[in-house]
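To start, the structure itself, in structure tokens.
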Amino acid sequence: MKKNVWKLMVMFCALLLIAGCGNDSTTSKADTKEKKDGTVTFYVVRHGKTMLNTTDRVQGWSDAVLTPAGEEVVTAAGKGLKDVDFRAAYSSDSGRAIQTANLILKESDKSADTKLQTNPRFREFNFGSYEGDLNHNMWSDIAKSQGKTLEEWQSTGLSPKDFANSVAELDKTRVKEGENWPAEDYATIQARLKDGITEVAEKESKNGDENVLLVSHGLSIGALLDTIEPGYKLPATGIQNASVTKITYKDGKFSIDDVNDMSYVEKGQK
């Protein structure tokens, strides 16, 4: 009789232990699920001013280093952002974007160990055979294709979509096979930008709430905003060098917060 009672007690304890483990497992799964639903806040920064910007040349996939003034403004932005804990950092694979991102991370008090990851999907528009040419030449060709003088075109301008599509169409007659990549149309640009930021957002959200540094380019940042909110109107100044645009990713959706914010640069200059 005593043996039977003892066996029953052992079995009862075993059942309690199994039940307890089951509860721990459920809790663990719940915790994991909660982490996967984290909110990702992107601090999207345009690179600093470069030598090609200064000489007024077309700079898409072509590249140039930051000017001393460009480095100074980016460093100020980094100082203004130094208290932001960037758990991850991304940039396009263009040298000017990499240089900008590293200067910002260098000033950070909380992100010194954050390693920069590059991704070609965050590049600027590709202008094909116009790369490195004078902006004046490309703009004149666009104006002519629209049946306008350069002065008339500059007074009205074109949307980023029409701008990219005009260059892509003009470039078809200028491309030398095997010598350069053809200019991208707007749909191609938006697709790669959307794929890039979605992949990063889904990856980083698995770690819970995070701040992510993303360094890209003026026109591409505008196209990204237009992808999130179709028809989004940029400020008249466009996206300024070293400005911060905030984009939030939550529950599978993106939303736009601040755009073209220069307050971090101003804070870092004090």
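Across region 117-167, what is the total count of residues that are β-branched (Val, Ile, Thr), in contact (Cβ under 8 Å) with a residue 24 or more places away in the chain and in a helix (DSSP H, G or I)? Even if it seems obvious, please write down each step before you answer.
Residues of region 117-167 that are β-branched (Val, Ile, Thr), as a first pass: 118, 142, 149, 156, 167.
Still in the list and also in contact (Cβ under 8 Å) with a residue 24 or more places away in the chain: 118, 142, 167.
Okay, now just the ones that are also in a helix (DSSP H, G or I), so 142, 167.
The total comes to 2.
For region 236-248, residues that are under 24 Å from Ile104 (Cα atoms) and free of Cβ contacts under 8 Å to residues at least 60 places away in the same chain total 2. Scan region 82-103 and tell me whether some residue there is out of contact with any helix residue (DSSP H, G or I) (no Cβ under 9 Å at 6 or more places or on another chain), open to solvent by 70 Å² or more (accessible area, probe 1.4 Å) and over 30 Å from Asn137 (Cα atoms). There is at least one residue in region 82-103 that is out of contact with any helix residue (DSSP H, G or I) (no Cβ under 9 Å at 6 or more places or on another chain), open to solvent by 70 Å² or more (accessible area, probe 1.4 Å) and over 30 Å from Asn137 (Cα atoms). Can Tyr232 be described as aromatic (Phe, Trp, Tyr), touching a residue at least 12 places away in the same chain (Cβ under 8 Å) and open to solvent by less than 50 Å² (accessible area, probe 1.4 Å)? In short, no.
Please determine, by comparing only the residues of region 171-212 that are under 19 Å from Ile142 (Cβ atoms) and among the aliphatic types (A, V, I, L, M), which one is most open to solvent (accessible area, probe 1.4 Å). So, considering only residues that are under 19 Å from Ile142 (Cβ atoms) and among the aliphatic types (A, V, I, L, M), the one most open to solvent (accessible area, probe 1.4 Å) is Ala187. Filtering region 89-116 to residues that are assigned to a loop (DSSP other than H, G, I, E, B) and of a type in the set (Asp, Glu) leaves Asp93, Asp109, Asp113. For Asn207, the conditions (1) modelled with pLDDT of 95 or more; (2) not in a helix (DSSP H, G or I) are fulfilled apart from (1). Looking at Ala201, Ala187, Ala223, just one residue is hydrophobic (A, V, I, L, M, F, W, C), part of a helix (DSSP H, G or I) and closer than 18 Å to Ser243 by Cα, and that residue is Ala223.
If only residues of region 108-122 that are at pLDDT 95 or above and touching a helix residue (DSSP H, G or I) at 6+ places or on another chain (Cβ under 7 Å) are counted, the one that is nearest to Gly268 (Cα to Cα) is Leu116.
The values are calculated or read from the model by the stated rules, or taken from the named source; none is laboratory data. If you're wondering where the values come from, they're calculated on a predicted model, not measured in any experiment. All Cβ positions, even for glycine, are placed from backbone atoms using ideal geometry, and neighbour counts span all protein chains on display. What goes into the accessible areas is simple: the full protein's heavy atoms, side chains included, and nothing from ligands, DNA or RNA. Shrake-Rupley method; radii C 1.70, N 1.55, O 1.52, S 1.80 Å.
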